[in-house]
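The structure appears below as C-alpha cells.
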Amino acid sequence: MTTTWPTRENSSPIGQTAKTTLADSCAALSAGYRDRATTEAITRILAGPAEGRTDATGALDELQELLEQIRQTPEGDLRVSRMNSFVRTLGRSDNLAAFLELMRASLKEGPGAHGVSERSRAGRSHCIYGWAGQSLVLASDVHALPSTEPAGDGVQEFMGGAVAEWHASLHIWQPNPEALGFESTKRFEPGTIVEPPHSHPFSFVSYVSVGELRQSIYEEDSAETPSGTGDRYQDVDLERVGGVWPPHDEYVPSRLRTVEERVRLEQGQSYFMSPDMIHDVEVDRDIASERPTITLFLCSETVKVPVSYLVPSMAEFHRDNPEILSAAQALDPEVWDAKLAATARYLRGESDELRLGDIVNCGSSYGFMNR
C-alpha cells in the first residue's frame, strides 16, 4: 500500500519548538493538524478484513507499513500532522476496539503469521510500571532514514536499543491493585495518584480514547518556591536520575517549579510533547480502578537521555532494589487475549467497567507513581 501525501497549508511550528505550552499544543492538535491521507488509509485498512480484501495479519502489516511511511517525514509540522492523524484515527474508541480485535484474530491465524501481534504480546512492560495496561502495539523498522534525527552523544549506549525506531503504545491508566506507589507532598485530592515528573527520549503525540486525565509541566529551578504557592513539589528535594529503571549512574539533588498546573485532557483531545518537556500524568485512583482512561501514543525516534525526578522514598527504593526491571514478563497468550477482549468491550461501550487486575497478575507491588 502506498499513500500519496497532500501538501499541508497554514501550518505553524508545533513540532519544531519546545516553547509551545501543553495547553496550546492540546488546543492546536485537537482542532487541527490533520492529514487526510493518513485518516483515509487507516479507515481503509481497518475495513479490509470485513470487506474480504485481507486478513487480520495483513491489516496489521499494512498499519505497520503506514507507520513506516509516516516515519519518512522530516521533523516539523507535517510530521506532527501525520502523527496526530494516526493516533486520532486509530485511537478513536471504536477503531481502537477493532484494532485490538485484529490483534486477537492475528494470534489465532497460525504459527509465523502474526509478527505484529506476537511482538506486542511478548513485550515485558505490560504492568511493570505499576499501571495495569501499558503495551507496545506497533513498531517501525529499526534502521535510520534520511528523515531520522540523530541521537545525542551517549544516547545509544544509555538506551541500549534501536534509537531510530518509532512505536505506538496503548496506555490504560489503571493502577495494579497491588501497586502501592510512594508518598509525596501533593496538595490535591487524597485519592489522586501521579507519575513522578519525567521527560521522554523522543517527541510524541498522544490521543485520549476514553476518559480523562490531568498533566502538569515542570522545569528545574534551584530557587526555593515562594511559600503559599501550593506548588506540588514546593521545597521538596527530589533526586534526578537518568531514565526510569535502576541501577542509576547518579542521583542529582534537584528542585522543580510548576510551569503548567493540572491541565485537563479529555476524550477526543490530542497533544504533542517534545523531549525537552518535564511532565507527569495524574488520575483519580477510585475512578481509574474501574473506569480507566485509555490513550494511544505514537513516538518518533529517540534523540536524548530521558530523566526522572524521584521523591526521597522512591529514590531510596531504587537504590535498594536495582533489579526492579528483572520482574518484567510477557503475558501468556490466554491472558493476553482476555486482556484485549475486555479492553475492546470497554472501548465499544459494551462494558461500563474494566478491571484488568482480575485478568493480569503483575506479581509486584512496585509502582512508578506517587500518592
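Please go through region 361-371 and pick out each residue that is out of contact with any strand residue (DSSP E or B) (no Cβ under 6 Å at 6 or more places or on another chain) and open to solvent by less than 20 Å² (accessible area, probe 1.4 Å).
362, 366, 367, 368
Those residues that are assigned to a loop (DSSP other than H, G, I, E, B), of a type in the set (A, V, I, L, M, F, W, C) and in contact (Cβ under 8 Å) with a residue 40 or more places away in the chain, I need them from region 352-369; list them, please.
Across region 352-369, the qualifying residues are 354, 360, 362, 368, 369.
Here's a check for you: in region 328-351, which residue that is farther than 20 Å from residue 95 by Cβ, hydrophobic (A, V, I, L, M, F, W, C) and free of Cβ contacts under 8 Å to residues at least 60 places away in the same chain is surrounded by the fewest Cβ atoms within 10 Å (Cβ to Cβ)?
335
Quick check on region 175-191: of everything there that is of a type in the set (A, V, I, L, M, F, W, C) and open to solvent by 10 Å² or more (accessible area, probe 1.4 Å), which residue is modelled with the lowest pLDDT?
Only one residue fits best here, namely 188.
Could you check region 285-336 and list, in sequence order, the residues that are of a type in the set (A, V, I, L, M, F, W, C) and touching a helix residue (DSSP H, G or I) at 6+ places or on another chain (Cβ under 8 Å)?
Correct list: 294, 296, 297, 298, 303, 305, 310, 324, 330, 331, 336.
Is region 84-102 home to any residue that is more than 29 Å from residue 31 (Cβ to Cβ) and part of a helix (DSSP H, G or I)?
The answer is yes, given that some residue of region 84-102 is more than 29 Å from residue 31 (Cβ to Cβ) and part of a helix (DSSP H, G or I).
For the condition among the polar types (S, T, N, Q), more than 23 Å from residue 126 (Cα to Cα) and in a strand (DSSP E or B), what is the one hit in 258, 295?
One residue alone meets the criteria, 258.
Could you please give the count of residues in region 317-357 that are under 14 Å from residue 244 (Cα atoms) and either touching a Gly at 6+ places or on another chain (Cβ under 7 Å) or not aliphatic (A, V, I, L, M) (or both)?
Final tally of qualifying residues: 7.
Among what's in region 38-75 and is among the small types (Gly, Ala, Ser) and in contact with a Pro (Cβ under 7 Å, 6 or more places away or on another chain), pick the residue that is surrounded by the most Cβ atoms within 10 Å (Cβ to Cβ).
Within region 38-75, the match that is surrounded by the most Cβ atoms within 10 Å (Cβ to Cβ) is 59.
Which of the residues spanning region 14-37 are at pLDDT 95 or above, more than 19 Å from residue 295 (Cα to Cα), assigned to a helix (DSSP H, G or I) and open to solvent by less than 50 Å² (accessible area, probe 1.4 Å)?
Passing the criteria: only 37.
So which pairs qualify, if the first residue must be in region 129-145 and at negative phi and outside any loop (DSSP other than H, G, I, E, B), the second must be open to solvent by less than 40 Å² (accessible area, probe 1.4 Å) and among the charged types (D, E, K, R), the Cβ gap must be under 9 Å, and the two must be at least 6 apart or on different chains?
Note: pairs meeting the criteria are 131/195; 132/339; 133/339; 135/121; 135/339; 139/165.
What about residue 238, is it within 25 Å of residue 201 (Cβ to Cβ), free of Cβ contacts under 8 Å to residues at least 60 places away in the same chain and surrounded by 18 or more Cβ atoms within 10 Å (Cβ to Cβ)?
Here the answer is no, as residue 238 does not meet what is asked.
Is there a residue being of a type in the set (Ser, Thr, Tyr) and modelled with pLDDT of 95 or more anywhere in region 192-201?
Checked region 192-201: at least one residue is of a type in the set (Ser, Thr, Tyr) and modelled with pLDDT of 95 or more.
Which numbered condition in (1) touching a Pro at 6+ places or on another chain (Cβ under 8 Å); (2) modelled with pLDDT of 95 or more; (3) surrounded by fewer than 22 Cβ atoms within 10 Å (Cβ to Cβ) is the only one that residue 357 fails?
Single failed check for residue 357: (2).
Within region 307-327, take every residue that is of a type outside the set (Phe, Trp, Tyr), open to solvent by less than 10 Å² (accessible area, probe 1.4 Å) and touching a Ser or Thr at 6+ places or on another chain (Cβ under 9 Å) and give me the one that is nearest to residue 150 (Cα to Cα).
By that ranking, first place goes to 308.
The values are calculated or read from the model by the stated rules, or taken from the named source; none is laboratory data. What you are looking at is a predicted structure, and each value in this text was computed from that prediction instead of being measured. Note that we place each Cβ from the backbone using ideal geometry, even for glycine, and neighbour counts take in every protein chain shown. Side chains included, ligands, DNA and RNA excluded: accessible areas come from the protein's heavy atoms. Shrake-Rupley method; radii C 1.70, N 1.55, O 1.52, S 1.80 Å.
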